[in-house]
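The values are calculated or read from the model by the stated rules, or taken from the named source; none is laboratory data. These numbers were taken from a predicted model, which means no experiment stands behind them. Neighbour counts run over all protein chains shown; Cβ positions are idealised from the backbone, glycine included. What goes into the accessible areas is simple: the full protein's heavy atoms, side chains included, and nothing from ligands, DNA or RNA. Shrake-Rupley method; radii C 1.70, N 1.55, O 1.52, S 1.80 Å.
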Amino acid sequence: MQACQLQEQGDLDVIQVREAEVPTPGKGQVLIKTEYAGVNFIDTYQRGGIYKLPMPWTLGNECAGEVVALGEGVDPTSVGFNVGDKVAAYTAGGSFAQYTLATTKQTIKLPSGVSTKDAATLILQGLTALTFVREAHEVKKGQWILVQAAAGGLGRLLCQLCSHIGAKVIGTTSTEEKAQLAKEAGAEHVILYGEGRDVVGEVYKLTGGEGIERGVHAVFDGVGKDTFDMDFDLLRRKGTLVTLGNASGPVPPFAPLKLGPKNLKVCRPVLNQYVYTAEEFHSYATELFEIVKQGHLKLAVHGEYPLTTEGIKQSQIDITGRKTSGKLLIKVA
């Protein structure tokens, strides 16, 4: 098969789509003939070395396609799918390939009306957004929520879910075009950053209050280094900063005493720890698909890229260039 298999971590030139052995599913595993795979920032971290990984390593953390083999001891009745079924999987590596191994506990059969393209668009970012608004900070009706980079793939999902719950959503982004996308995703207010704009001051005007009661209840920030210090000012007393990405670089170390003046909380959640068990994964994935079927979550694809060396490189250039809006997909089949 063809697979984007790294021999070492580093710059874009380590990306190579090469011939590789089709994997054999082991105990508790499923082999999927990949149709679509989703592109995520974590792919760039894994390629670049922010996360140290054993080599060789096949990039890609989510996919959708057709089940072609089940591993030893896998009971189709208990896992809910069989050979020939269309599924989506959170793979934690390996999906930029024509065949993908996944654990059965993080694989789910697609409901009617959900295509493999939709599933690959949704499964990782959608689960990230849903688990984060449930557990990283439990978003409630009437709260003020700020989403940094609100027009990106994850940002738009967060805006839609928070708006669906009944929160008042403020988005930040860099252009008028992206601001319109954020508004369409449910952001009541969008603030453009850059060019000397006082983002904090504008948030205070919108949210009202005095002193440490000004600001939002939570910030969901996928930008990282460039917005991290600002986030502390944006939050009101007892607010939560959910730092969920490093688009501008990793956030710097900070002293815990920085949280004291407003009794703030900071968390850096990872999806895998929210969907660690089969029960957690299937519960959240089922809820996610239902939200989509009800029309409360609209999917947006920025672009599709081929499973080639240049295609994978371009997808990483585009996602790190902070000029995309919506999901990036690798079209495998």
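G93 meets the conditions (1) in a strand (DSSP E or B); (2) within 13 Å of N61 (Cα to Cα) in every case but one. The failed one is (1). G60 satisfies every condition listed in (1) within 23 Å of the chain's Cα centre (by Cα); (2) surrounded by fewer than 21 Cβ atoms within 10 Å (Cβ to Cβ); (3) assigned to a loop (DSSP other than H, G, I, E, B); (4) not polar (S, T, N, Q) except (2). Considering segment 293-326 alone, what residues qualify as being within 14 Å of the chain's Cα centre (by Cα) and more than 18 Å from V223 (Cβ to Cβ)? L299, A300, V301 - these are the residues of segment 293-326 that are within 14 Å of the chain's Cα centre (by Cα) and more than 18 Å from V223 (Cβ to Cβ). The single condition among (1) touching a helix residue (DSSP H, G or I) at 6+ places or on another chain (Cβ under 7 Å); (2) within 30 Å of E19 (Cα to Cα); (3) at pLDDT below 95 that T91 does not meet is (1). Among the residues of segment 1-45, the one identified as of a type in the set (F, W, Y) and in contact with a Ser or Thr (Cβ under 7 Å, 6 or more places away or on another chain) is Y36.
Among the criteria (1) touching a helix residue (DSSP H, G or I) at 6+ places or on another chain (Cβ under 6 Å); (2) in a helix (DSSP H, G or I); (3) among the hydrophobic types (A, V, I, L, M, F, W, C), the one L297 does not fulfil is (2). Remark: D198 matches the filter, which requires a residue to be at pLDDT below 95, more than 21 Å from the chain's Cα centre (by Cα) and of a type outside the set (S, T, N, Q). Just so you know, in segment 122-157 the residues that are assigned to a loop (DSSP other than H, G, I, E, B) and hydrophobic (A, V, I, L, M, F, W, C) include one that is surrounded by the fewest Cβ atoms within 10 Å (Cβ to Cβ), and it is V139. Within segment 134-164, the set of residues being out of contact with any strand residue (DSSP E or B) (no Cβ under 8 Å at 6 or more places or on another chain), farther than 20 Å from L110 by Cβ and aliphatic (A, V, I, L, M) comprises L154, L161. Of the residues in segment 25-40, not one is hydroxyl-bearing (S, T, Y), under 17 Å from the mean Cα position of the chain (by Cα), in a helix (DSSP H, G or I) and surrounded by 14 or more Cβ atoms within 10 Å (Cβ to Cβ).
Among the residues examined, I108 qualifies as closer than 30 Å to A69 by Cα and in contact with a His (Cβ under 7 Å, 6 or more places away or on another chain).
Rundown of residues vs (1) in contact (Cβ under 8 Å) with a residue 24 or more places away in the chain; (2) exposed (fewer than 14 other Cβ atoms within 10 Å of the Cβ); (3) within 24 Å of V203 (Cα to Cα), yes/no style:
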position	(1), (2), (3)
N246	yes, no, yes
R268	yes, yes, yes
S283	no, yes, no
G295	no, yes, no
V301	yes, no, no
T309	yes, no, no
Q316	yes, no, no
T324	yes, no, no
K331	yes, no, no
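Y204 meets all of the listed conditions (1) touching a residue at least 24 places away in the same chain (Cβ under 8 Å); (2) surrounded by fewer than 23 Cβ atoms within 10 Å (Cβ to Cβ) but one, namely (1).
With respect to the stated conditions, K225 is under 25 Å from the mean Cα position of the chain (by Cα), farther than 22 Å from N272 by Cα and charged (D, E, K, R). Within segment 207-233, the set of residues being buried (at least 19 other Cβ atoms within 10 Å of the Cβ), part of a helix (DSSP H, G or I) and in contact with a Lys or Arg (Cβ under 9 Å, 6 or more places away or on another chain) comprises T207, F232.
Scanning segment 158-198 for residues that are open to solvent by 10 Å² or more (accessible area, probe 1.4 Å) and part of a helix (DSSP H, G or I) yields Q160, S163, H164, I165, E176, E177, K178, Q180, L181, K183, E184.
If the condition is being in contact with a Leu (Cβ under 8 Å, 6 or more places away or on another chain) and either open to solvent by less than 20 Å² (accessible area, probe 1.4 Å) or not polar (S, T, N, Q) (or both), then segment 4-21 contributes C4, L6, V14, I15, V17. Among the candidates E304, E290, E280, the residue that is assigned to a helix (DSSP H, G or I) and either in contact with a Pro (Cβ under 7 Å, 6 or more places away or on another chain) or at pLDDT 95 or above (or both) is uniquely E280.
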